[in-house]
């Protein structure tokens, strides 16, 4: 009986404290005034099977143009590696966002450094945010999208803004490797 009362009080506290609060993403949008917006990223989800799969068009890793190379072990690098497969998972007002499970794992490991939180391939990813790329049908990429991890912050909206600082030259960086006939779905 006591456990039920504690759960009820905790749930009421969460509802009361989160009601009327402005998320960090909404605050950023109010300041930016550049066309960025805050939203739940899941509303833009698409079925990856309807779109092509991409990987780097060379055997050399690509560094994050804004940050540069992370000098840690390969399993922790933030570089895009030649064996990372990128699938379209979001369509945001005509912009295609791609995700790579292997890149996501490395990005998660880079963010976390504790024994409680975990990062597992195709499993538990406890990092506070996910990092995706904006990609065109020809394999050109033009920016990152940081998406809040809904598991870690279920009520936090994502600030949708193309992060494109740094050197994005030498495009296209990617080539289609699977379902290439589906590029017609990328207008």
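Treat the count of other C-beta atoms within 10 Å as a stand-in for reagent exposure and order 130, 183 from fewest to most. Display every interim value, and only then the final one.
On the way: 130 21, 183 16.
Going from sparsest to densest Cβ surroundings: 183, 130.
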Taking the simple approach of a point 7 Å from Cα along Cα-to-Cβ for both residue 102 and residue 162, what is their distance in nm? 2.7 nm
For the residue pair residue 177 and residue 36, what label-to-label distance in nm results when each label sits 7 Å from Cα along the Cα-to-beta-carbon direction? 3.1 nm
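Quick one: order 78, 158, 102 by neighbouring beta-carbon count within 10 Å, fewest to most.
Working: 78 19, 158 25, 102 16.
Placing the least packed residue first, the sequence is 102, 78, 158.
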What list do you get for 147, 92 if you sort them by fewest beta carbons within 10 Å? 92, 147
Grab the Cα-Cα distance for residue 126 and residue 151, subtract it from 0.36 nm times how many residues apart they are, and report the gain in nm with one decimal. 8.2 nm
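Readers should treat all values here as calculations from the given coordinates under stated rules, not as data from a laboratory. Keep in mind it's a predicted model, so treat the numbers as computed, not measured. Here the Cβ is made from the backbone with ideal geometry for all residues, glycine too, and neighbour counts use every protein chain on show.
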